[in-house]
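*Asks:* Before I ask anything, here is the structure I am working with.
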2 protein chains.
Amino acid sequence: MPADGALLTDLYQLNMIQAYLEHGKTETAVFEFFVRNLPPQRQFLVAAGLEQAIVFLKNLRFAPEELDWLKGTGRFGADLIEYLAALRFEGDVHAVAEGTACFADEPLLRITAPLPVAQLVETRLINLLHFQTLIASKAARFVLRAPEKLLVDFGLRRAHGAEAGLLAARAAYIAGFAGTATMLAAREFAMPLYGTMAHSFIQAFDGEAEAFAAFADSRPDHLVFLIDTYDTEAAAQVVVAMAPKLAAAGIRIEGVRLDSGDLIALSKSVRQILDAGGLPDTTIFASGGIDEPELAAMITQCAPIDGFGIGTSLTTSHDCPALDCAYKLQEYAGVARRKRSEGKSTWPGRKQVWRAYGRDGRMSGDVLSLEHDVQDGEPLIRQVMKSGNRMDAPAPLAALRARAARDLQHLPENLRRLERGSPYPVNIAEPLRRLAGEVDLRTGTGGA
Amino acid sequence: MPADGALLTDLYQLNMIQAYLEHGKTETAVFEFFVRNLPPQRQFLVAAGLEQAIVFLKNLRFAPEELDWLKGTGRFGADLIEYLAALRFEGDVHAVAEGTACFADEPLLRITAPLPVAQLVETRLINLLHFQTLIASKAARFVLRAPEKLLVDFGLRRAHGAEAGLLAARAAYIAGFAGTATMLAAREFAMPLYGTMAHSFIQAFDGEAEAFAAFADSRPDHLVFLIDTYDTEAAAQVVVAMAPKLAAAGIRIEGVRLDSGDLIALSKSVRQILDAGGLPDTTIFASGGIDEPELAAMITQCAPIDGFGIGTSLTTSHDCPALDCAYKLQEYAGVARRKRSEGKSTWPGRKQVWRAYGRDGRMSGDVLSLEHDVQDGEPLIRQVMKSGNRMDAPAPLAALRARAARDLQHLPENLRRLERGSPYPVNIAEPLRRLAGEVDLRTGTGGA
């Protein structure tokens with residue numbers, strides 16, 4: 001199945017482009033992508049997905065067979081097909097760096113391009129930016145809840161398709177996860193890999209001892225035994241019993257994994273068994289349906305667990321599988337625009353976000369301004385593509401991880417504690433407010 | 001980004017395969033994919049994703065550059081690389097047809113293949129079957145709530161990546177949606193396309209009347225105006241005012257779309273305006289954050305809406321973004337196996353599902369049996385691949401839609417009404433229970 005391509009768009013984009021071409025609406029448009037409102041489950045977001053968005057724009061073109069198919073639908077005029085055949089993204093892109101903490105109303109990306117082009121790319125840009133921002137924002141919460149623990153993405157199998165699994169691994173890594181279980185993500189993004197064994201491995205042997213011995217023999221490095229297939233505590237005893245023989249062969253049992261049952265109680269009893277059996281350095285790794293409440297309980301109750309495999313709850317952002325985001329026209333042919341639909345009105349014009357910090361180094365508030373209205377603080381939006389060319393080489397993931405780590409460190413304390421309520425202040429600069437009023441006066445009501 | 005391929009798997013699968021090869025564990029394994037428990041938001045599921053699973057198995061092979069990369073990780077022996085280079089799926093597959101209503105514990109797919117092969121494919125098979133089953137099951141609920149309405153998938157933009165958007169369109173269509181807004185899904189799956197216009201189109205013109213006139217001129221067929229950009233009722237008046245001129249040009253206004261505000265109240269006032277303006281045949285289409293509660297309210301309160309664009313709630317299965325599913329070893333080397341982990345025990349052996357119907361034609365209960373233990377009713381599982389070859393050509397989507405429509409029609413009334421509680425009966429045949437007991441006796445506890 002093609003994972004990319006210019007047909008990753010909605011029919012209405014092409015319908016509109018046909019009308020734009022026929023009515024001379026091909027001047028420069030400015031669209032911004034932003035999240036309208038944070039859901040109650042999120043007090044901040046972590047921007048991600050920009051790299052894939054840039055690559056999408058760089059590679060944007062209709063293949064001959066796509067144009068033939070479009071022609072064959074009978075829906076479009078020859079002028080549109082011709083326009084699409086020549087279409088390349090030669091516009092400008094401004095964006096917030098991946099790994100940046102961000103909030104409602106703050107543009108994460110701005111596209112400046114001829115209206116038909118800027119319109120065409122809407123669907124895939126939202127698709128790319130929304131998903132990785134969603135996952136990085138969820139992953140950051142696990143990182144804040146368990147800052148001392150090893151966190152690994154286990155979620156490809158229940159991610160929504162292949163691309164979701166791969167991009168979720170990337171987004172979680174940016175937000176501070178240690179790595180992933182997914183081979184292809186490791187290959188695509190040069191990320192650390194983690195993996196143990198499945199229950200089927202144990203079941204394929206006549207008993208756990210035999211299965212463990214075979215696995216240790218074949219995979220002696222980073223050896224982790226899965227011990228919950230039949231009876232967790234009994235299996236921990238099996239591990240202890242075989243340790244001397246393995247040690248004699250130079251093999252160290254790095255850890256055991258629990259994947260079911262009462263993880264808090266079992267981790268405590270397994271820790272005792274391992275310690276009493278002379279394996280105090282053998283770690284305990286836990287997995288199996290862990291979301292934030294389970295993780296928080298394990299941390300609060302001091303479960304002696306050293307690392308966590310986080311799957312479904314991470315890669316589907318299970319408690320909040322979508323953000324209320326939009327990509328909206330803010331300027332056309334040099335004139336600012338805004339939508340005023342009930343509950344969905346937007347701030348017009350090209351914008352900048354300015355971030356201020358307190359004396360303690362913590363983020364103290366943002367100001368949303370027009371692009372050239374300089375405010376106090378650090379501007380978050382910078383140009384990343386000029387006339388269709390990227391300004392910089394792709395940022396290494398390590399740099400994006402460092403950015404996210406810095407921002408998580410500098411969040412206000414109530415946000416770091418993941419408390420609900422008391423939203424982070426994002427103030428609207430006065431000139432931006434004035435512009436919104438002017439746009440409303442100009443457009444009047446109901447098609448004046 | 002590669003959307004498919006043999007590296008869409010977890011590290012632990014390759015770790016296990018290395019150990020399987022070195023310890024002679026290459027005999028025939030039987031794995032089954034099933035949903036462990038239905039979540040409270042779902043009383044039934046609709047199976048989907050089999051076609052993509054078959055294609056994945058048919059095409060399974062490691063490309064030379066993938067093998068080189070694996071070699072370069074330094075993790076694996078030359079024997080494993082050689083085995084993977086030659087690996088093809090030459091096993092058998094048995095499955096439930098796409099579009100079939102199904103329940104917890106019922107295998108949707110069975111793989112019979114050498115243990116290393118059956119193990120390797122776990123991750124991607126779950127990834128494919130879980131997601132489409134999730135979405136078809138969600139889509140079926142919209143269909144049951146609004147059986148007389150046009151339902152269209154609008155969800156690519158907030159789907160979790162490109163593949164999720166495409167496969168969600170397909171799964172929703174199987175479950176009874178009329179079509180999609182996604183161009184590439186229409187091309188891939190030959191599905192009907194729907195689309196109107198965006199707010200940006202309106203905003204790019206100086207007023208709604210001018211925008212509508214331009215759009216009608218360029219896109220006169222299936223003409224639908226988006227009327228909520230500024231003031232919905234005022235825009236409906238604009239539509240009425242321009243209708244005679246359009247009619248004179250031979251253009252019919254097929255519909256208007258509402259995308260924000262109180263859709264129930266607005267649809268009623270817009271209906272009045274259209275009717276009073278001589279446009280009784282102009283339909284009303286609604287979109288904008290509609291999930292089941294909103295749809296149910298619109299139906300109950302007789303909102304005069306003819307069709308709905310369903311986006312995020314459909315393509316993320318927002319109220320339940322994952323199912324508790326598994327792919328488990330049920331037999332190895334001719335001996336039945338089961339996992340007994342707390343809360344996650346499975347039924348061993350190769351299984352069949354038998355579905356009985358009452359006199360009223362409604363489904364009355366299923367029996368889960370061993371494969372050759374013939375029970376009353378219709379067997380749901382049949383062979384779809386033999387020695388790596390598919391038994392039949394891909395089923396046309398129309399046939400899968402018909403299957404789903406038939407099953408939704410025949411659900412018990414409380415399930416059709418989407419009532420919570422009173423689960424559908426799935427009984428375990430006595431010989432299967434006996435086998436589970438025998439397996440437990442054989443494996444004892446804790447690695448006996």
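The values are calculated or read from the model by the stated rules, or taken from the named source; none is laboratory data. Since the structure is predicted, the reported quantities are computational estimates derived from the model, not experimental observations. Note that we place each Cβ from the backbone using ideal geometry, even for glycine, and neighbour counts take in every protein chain shown.
*Asks:* Of the conditions (1) away from chain B (no Cβ under 14 Å); (2) in contact (Cβ under 8 Å) with a residue 40 or more places away in the chain, A:Asp259 clears all except one; give me its number.
*Replies:* With (1) away from chain B (no Cβ under 14 Å); (2) in contact (Cβ under 8 Å) with a residue 40 or more places away in the chain applied to A:Asp259, the lone miss is (1).
*Asks:* Could you tell me which numbered condition B:Leu226 fails, if it satisfies all but one of (1) surrounded by fewer than 20 Cβ atoms within 10 Å (Cβ to Cβ); (2) within 29 Å of A:Pro321 (Cβ to Cβ)?
*Replies:* Exception for B:Leu226: condition (1).
*Asks:* Quickly run through region B:371-427 and pick out the residues that are over 25 Å from B:Arg359 (Cβ atoms) and β-branched (Val, Ile, Thr). Don't jump to the end; show me each part of the working.
*Replies:* First, the residues of region B:371-427 that are over 25 Å from B:Arg359 (Cβ atoms): B:371-373, B:381-401, B:420.
Within region B:371-427, B:Ile381, B:Val384 qualify.
*Asks:* Of the residues A:Arg434, A:Arg442, which single one is more than 33 Å from the chain's Cα centre (by Cα) and exposed (fewer than 12 other Cβ atoms within 10 Å of the Cβ)?
*Replies:* Working: A:Arg442 fails: exposed (fewer than 12 other Cβ atoms within 10 Å of the Cβ).
Within the list A:Arg434, A:Arg442, the selection yields A:Arg434.
*Asks:* Taking region B:13-41, which residues are more than 10 Å from every other protein chain (Cβ to nearest Cβ) and aliphatic (A, V, I, L, M)?
*Replies:* If the condition is that a residue be more than 10 Å from every other protein chain (Cβ to nearest Cβ) and aliphatic (A, V, I, L, M), then B:Val30, B:Val35, B:Leu38 are the ones that fit.
*Asks:* Would you point out which residue out of A:Thr133, A:Thr182 is over 22 Å from A:Asp319 (Cα atoms) and either surrounded by fewer than 24 Cβ atoms within 10 Å (Cβ to Cβ) or β-branched (Val, Ile, Thr) (or both)? Full working, then the answer.
*Replies:* Values: A:Thr133 fails: over 22 Å from A:Asp319 (Cα atoms).
One residue alone meets the criteria, A:Thr182.
*Asks:* Is it the case that A:Ile17 is crowded, with 19+ Cβ neighbours inside 10 Å, closer than 20 Å to B:Ala186 by Cβ and at pLDDT 95 or above?
*Replies:* Working: crowded, with 19+ Cβ neighbours inside 10 Å: yes; closer than 20 Å to B:Ala186 by Cβ: yes; at pLDDT 95 or above: yes.
Against the criterion (crowded, with 19+ Cβ neighbours inside 10 Å, closer than 20 Å to B:Ala186 by Cβ and at pLDDT 95 or above), A:Ile17 qualifies.
*Asks:* Give all pairs with beta carbons closer than 6 Å in which a residue from region B:164-181 that is of a type in the set (Ser, Thr, Tyr) meets a residue that is surrounded by fewer than 24 Cβ atoms within 10 Å (Cβ to Cβ); count only pairs at least 6 apart in sequence or on separate chains.
*Replies:* Filtered contacts from region B:164-181: B:Tyr173/B:Met191; B:Thr180/B:Met191.
*Asks:* Now, a different point. Determine if region B:289-311 includes at least one residue that is in contact with a Pro (Cβ under 9 Å, 6 or more places away or on another chain) and surrounded by 20 or more Cβ atoms within 10 Å (Cβ to Cβ). Break it down stepwise before answering.
*Replies:* So the first thing to find is which residues in region B:289-311 are in contact with a Pro (Cβ under 9 Å, 6 or more places away or on another chain), and the list is none.
Within region B:289-311 (the criterion being in contact with a Pro (Cβ under 9 Å, 6 or more places away or on another chain) and surrounded by 20 or more Cβ atoms within 10 Å (Cβ to Cβ)), the answer is no, since none of the residues qualifies.
*Asks:* Of the residues that make up region B:168-176, is at least one facing chain A (nearest Cβ under 9 Å), under 35 Å from the mean Cα position of the chain (by Cα), crowded, with 24+ Cβ neighbours inside 10 Å and hydroxyl-bearing (Ser, Thr, Tyr)?
*Replies:* Initially, region B:168-176 is screened for residues facing chain A (nearest Cβ under 9 Å), giving B:168.
Applying the additional criterion that residues be under 35 Å from the mean Cα position of the chain (by Cα) yields B:168.
Of the ones still in play, those that are also crowded, with 24+ Cβ neighbours inside 10 Å are B:168.
Now drop any that are not hydroxyl-bearing (Ser, Thr, Tyr), which leaves none.
For region B:168-176, residues facing chain A (nearest Cβ under 9 Å), under 35 Å from the mean Cα position of the chain (by Cα), crowded, with 24+ Cβ neighbours inside 10 Å and hydroxyl-bearing (Ser, Thr, Tyr): absent.
*Asks:* Let me spell it out: the conditions are (1) under 30 Å from A:Ala113 (Cα atoms); (2) out of contact with any Asp or Glu (no Cβ under 8 Å at 6 or more places or on another chain); (3) of a type outside the set (Asp, Glu), and B:Thr182 meets all of them except one. Which number is the exception?
*Replies:* Unmet for B:Thr182, out of (1) under 30 Å from A:Ala113 (Cα atoms); (2) out of contact with any Asp or Glu (no Cβ under 8 Å at 6 or more places or on another chain); (3) of a type outside the set (Asp, Glu): (2).
*Asks:* Given the options A:Thr123, A:Thr133, name the one that is part of a helix (DSSP H, G or I), under 19 Å from B:Phe201 (Cβ atoms) and under 19 Å from the mean Cα position of the chain (by Cα). Steps first, please.
*Replies:* Values: A:Thr133 fails: under 19 Å from B:Phe201 (Cβ atoms).
Going through A:Thr123, A:Thr133 in turn, the sole match is A:Thr123.
*Asks:* Only residues in region A:196-218 that are of a type in the set (A, V, I, L, M) count as the first member; pair them with residues that are surrounded by fewer than 19 Cβ atoms within 10 Å (Cβ to Cβ) and in a helix (DSSP H, G or I), Cβ under 6 angstrom, at least 6 apart or cross-chain, and list the lot.
*Replies:* What qualifies is A:Ala216/A:Leu246.
*Asks:* Next question, about the same structure. What about B:Gly155, is it closer than 30 Å to A:Gln132 by Cβ, more than 7 Å from chain A (Cβ to nearest Cβ) and surrounded by fewer than 24 Cβ atoms within 10 Å (Cβ to Cβ)? Before the answer, list the steps.
*Replies:* Details: closer than 30 Å to A:Gln132 by Cβ: yes; more than 7 Å from chain A (Cβ to nearest Cβ): yes; surrounded by fewer than 24 Cβ atoms within 10 Å (Cβ to Cβ): no.
Taking the combined requirement at face value, the residue does not satisfy it.
*Asks:* Listed residues B:Thr73, B:Thr112; which is over 22 Å from B:Leu50 (Cβ atoms), hydroxyl-bearing (Ser, Thr, Tyr) and outside the structural domain of B:Thr283 (by TED's automatic domain parsing)?
*Replies:* On the way: B:Thr112 fails: over 22 Å from B:Leu50 (Cβ atoms).
Only one candidate qualifies: B:Thr73.
*Asks:* Please work out which residue is nearest to B:Gly24 (Cα to Cα), limiting yourself to region B:320-354 and to residues that are more than 9 Å from chain A (Cβ to nearest Cβ) and charged (D, E, K, R).
*Replies:* The residue in question is B:Glu331.
*Asks:* Would you list the helices (runs of 4 or more DSSP H) that sit entirely within region B:18-112 and hold 3 or more residues that are among the β-branched types (Val, Ile, Thr) and free of Cβ contacts under 8 Å to residues at least 12 places away in the same chain? So that I can check it myself, show each step before the final result.
*Replies:* Values: elements: B:50-59, B:64-72, B:78-86.
Because the criterion is at least 3 residues that are among the β-branched types (Val, Ile, Thr) and free of Cβ contacts under 8 Å to residues at least 12 places away in the same chain, no helices (runs of 4 or more DSSP H) in region B:18-112 meet it.
*Asks:* In addition: Every residue in region B:375-388 that is loosely packed, with under 12 Cβ neighbours inside 10 Å and not charged (D, E, K, R), please.
*Replies:* Within region B:375-388, B:Ser387 is the sole residue that qualifies.
*Asks:* In the list B:Val152, B:Val117, which residue meets the criterion of being of a type in the set (A, V, I, L, M) and either under 17 Å from the mean Cα position of the chain (by Cα) or modelled with pLDDT under 95 (or both)? Break it down stepwise before answering.
*Replies:* On the way: B:Val117 fails: either under 17 Å from the mean Cα position of the chain (by Cα) or modelled with pLDDT under 95 (or both).
From the options B:Val152, B:Val117, the qualifying one is B:Val152.
*Asks:* Report whether or not B:Ala101 is farther than 30 Å from A:Ile310 by Cβ and buried (at least 23 other Cβ atoms within 10 Å of the Cβ).
*Replies:* Details: farther than 30 Å from A:Ile310 by Cβ: yes; buried (at least 23 other Cβ atoms within 10 Å of the Cβ): yes.
When the stated conditions are applied, B:Ala101 passes them.
*Asks:* Regarding B:Thr112, is this residue at pLDDT 95 or above, surrounded by 24 or more Cβ atoms within 10 Å (Cβ to Cβ) and more than 10 Å from chain A (Cβ to nearest Cβ)? Before the answer, list the steps.
*Replies:* Numbers: at pLDDT 95 or above: yes; surrounded by 24 or more Cβ atoms within 10 Å (Cβ to Cβ): no; more than 10 Å from chain A (Cβ to nearest Cβ): yes.
For B:Thr112, the condition - at pLDDT 95 or above, surrounded by 24 or more Cβ atoms within 10 Å (Cβ to Cβ) and more than 10 Å from chain A (Cβ to nearest Cβ) - is not met.
*Asks:* One residue is enough: does region A:20-30 have a residue meeting the conditions of a type in the set (A, V, I, L, M, F, W, C), surrounded by 15 or more Cβ atoms within 10 Å (Cβ to Cβ) and more than 21 Å from B:Ala216 (Cα to Cα)?
*Replies:* As a first pass, look at region A:20-30 and keep what is of a type in the set (A, V, I, L, M, F, W, C): A:21, A:29-30.
Subset that is surrounded by 15 or more Cβ atoms within 10 Å (Cβ to Cβ): A:21, A:29-30.
Still in the list and also more than 21 Å from B:Ala216 (Cα to Cα): A:29-30.
Yes, region A:20-30 contains a residue that is of a type in the set (A, V, I, L, M, F, W, C), surrounded by 15 or more Cβ atoms within 10 Å (Cβ to Cβ) and more than 21 Å from B:Ala216 (Cα to Cα).
*Asks:* Quick test of your reading of the structure: A:Leu246 fulfils all but one of (1) touching a helix residue (DSSP H, G or I) at 6+ places or on another chain (Cβ under 7 Å); (2) in a helix (DSSP H, G or I); (3) facing chain B (nearest Cβ under 9 Å). Name the failing condition by number.
*Replies:* So A:Leu246 meets the others, but not (3).
*Asks:* Do we have A:Arg350 as within 30 Å of B:Asp259 (Cβ to Cβ), in contact (Cβ under 8 Å) with a residue 12 or more places away in the chain and exposed (fewer than 12 other Cβ atoms within 10 Å of the Cβ) here?
*Replies:* Details: within 30 Å of B:Asp259 (Cβ to Cβ): yes; in contact (Cβ under 8 Å) with a residue 12 or more places away in the chain: yes; exposed (fewer than 12 other Cβ atoms within 10 Å of the Cβ): no.
Considered against the rule, which asks whether it is within 30 Å of B:Asp259 (Cβ to Cβ), in contact (Cβ under 8 Å) with a residue 12 or more places away in the chain and exposed (fewer than 12 other Cβ atoms within 10 Å of the Cβ), A:Arg350 comes out as no.
*Asks:* Could you pull out every one of the helices (runs of 4 or more DSSP H) wholly within region A:252-336 that has 1 or more residues that are on the phi > 0 side of the Ramachandran plot? Give the derivation first.
*Replies:* Working: elements: A:263-276, A:292-300, A:312-315.
Ranges flagged: none.
*Asks:* (1) touching a Phe, Trp or Tyr at 6+ places or on another chain (Cβ under 7 Å); (2) within 14 Å of another protein chain (Cβ to nearest Cβ): which one isn't true of A:Val426, the others all being true?
*Replies:* For A:Val426, the failing item is (2).
*Asks:* A follow-up question, please. Can you pull out the residues in region A:177-222 that are facing chain B (nearest Cβ under 7 Å) and aliphatic (A, V, I, L, M)?
*Replies:* Those that are facing chain B (nearest Cβ under 7 Å) and aliphatic (A, V, I, L, M): A:Ala181, A:Met183, A:Leu184, A:Leu193, A:Met197, A:Ala198, A:Ala204, A:Ala209, A:Ala214.
*Asks:* Quick check on region A:278-287. Is at least one of its residues without any contact (Cβ under 8 Å) to a residue 40 or more places away in the chain, surrounded by fewer than 22 Cβ atoms within 10 Å (Cβ to Cβ) and either within 8 Å of chain B (Cβ to nearest Cβ) or under 27 Å from B:His130 (Cβ atoms) (or both)?
*Replies:* no
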